[in-house]
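Working notes, structure below.
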Amino acid sequence: MNIDDKFVSKAIIDEFSKDFLNSLSVDVVIGGAGPAGMVAAKYLAENNIDTVVFERKLSVGGGMWGGGMMFPRIVVKEKSLPILDDFNINYKEYKNGYYVANSIESVGKAASEAIDAGAEIYNLMTVEDLLYRNNKIEGVVINWSSVDLAGLHVDPLTVESKITIDATGHDCDLIKVAEQKTDQELQTETGKIIGEKSMWAEQGEKDVVELTGEVLPGLYVTGMAVNAVHGKPRMGPIFEGMLLSGKKVAEQCIKKLK
């Protein structure tokens, strides 16, 4: 069987370009393909919401890949089990209402389910700025992550969206841009990013779900970025709050759009 190297290159560039052109104006842009971002992407896409996820790293999954201290297992409790079922992720009860899942399987199936639902996930692309017009976030500004890492002066491209979601985790990168570059206060106790507190899993798990939502017109926050923005505790390798937060922000966006 002969292989035409040029044809292989053409197939990649042609098919990517078609999909990317269709991603320049969408219903929802998600910054970050961690657990909350991918959960949100699946539920949005399967409700016919045109959804695109930009992940700055080569791999998706955020902190879930590494489980707890590189032991590839994560812990959840009963409330998030329906989400694991929706994603076909296997789990077993450890004891006392704590359930354990394989972190590698969890990431792989989260990405697969999001894509199968119709979401587009682009890795190695960084959201470096926001489109801010008419006192509302109306999209994102993106560039190749390699451009940022190399410190090159290369102008970015823009993607329009009706809703933008910050799922960038501890760094809350999109909210930082909004704080610095808009003239509006955030929907937090101080009007600013408060900053993540030290570990307290019980409280952090509650806060990440309760405070998931819109922080500026058109800009929502989910996952660990929630606690970083609102000044709440981190929670380590228990991922129930991440999953529930991703589903909650999807439900909020579906309600807003429909």
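Annotations
- MET235 being in contact (Cβ under 8 Å) with a residue 40 or more places away in the chain, touching a Gly at 6+ places or on another chain (Cβ under 6 Å) and aliphatic (A, V, I, L, M): no
- Any hit, segment 239-246, residues being more than 18 Å from GLY61 (Cβ to Cβ) and touching a helix residue (DSSP H, G or I) at 6+ places or on another chain (Cβ under 8 Å): no
- If only residues of segment 1-44 that are modelled with pLDDT of 95 or more, polar (S, T, N, Q) and not in a helix (DSSP H, G or I) are counted, the one that is farthest from THR212 (Cα to Cα) is ASN22.
- Filter result for ALA45 (touching a Cys at 6+ places or on another chain (Cβ under 8 Å) and either buried (at least 16 other Cβ atoms within 10 Å of the Cβ) or among the aliphatic types (A, V, I, L, M) (or both)): no
- Wholly within segment 45-141, strands (runs of 3 or more DSSP E) carrying at least 2 residues that are in contact with a helix residue (DSSP H, G or I) (Cβ under 8 Å, 6 or more places away or on another chain) and modelled with pLDDT of 95 or more: 51-55, 73-77, 98-102, 120-123, 125-133
- Residue in segment 172-183 that is in a loop (DSSP other than H, G, I, E, B) and at pLDDT below 95 present: yes
- The C-beta contact set for segment 34-55 (first residue among the hydroxyl-bearing types (Ser, Thr, Tyr), second residue crowded, with 24+ Cβ neighbours inside 10 Å and modelled with pLDDT of 95 or more, distance under 7 angstrom, 6+ apart or interchain) comprises TYR43/ALA250; THR51/VAL28; THR51/ILE30; THR51/ALA41; THR51/LEU44; THR51/ALA45; THR51/ALA119.
- Against the test of being of a type in the set (A, V, I, L, M), surrounded by 15 or more Cβ atoms within 10 Å (Cβ to Cβ) and touching a strand residue (DSSP E or B) at 6+ places or on another chain (Cβ under 7 Å), the options LEU157, LEU244, LEU257 yield a single qualifying residue, LEU257.
- With respect to being aromatic (Phe, Trp, Tyr), in contact with a Ser or Thr (Cβ under 9 Å, 6 or more places away or on another chain) and surrounded by 16 or more Cβ atoms within 10 Å (Cβ to Cβ), PHE87 fits the description.
- Pairs where the first residue, in segment 164-189, is surrounded by fewer than 24 Cβ atoms within 10 Å (Cβ to Cβ) and the second is in a loop (DSSP other than H, G, I, E, B) and acidic (Asp, Glu), C-beta under 8 Å, 6+ apart: HIS170/GLU196
The values are calculated or read from the model by the stated rules, or taken from the named source; none is laboratory data. If you're wondering where the values come from, they're calculated on a predicted model, not measured in any experiment. Using ideal geometry, Cβ is built from the backbone for each residue, glycine included, and neighbour counts are taken over all protein chains shown.
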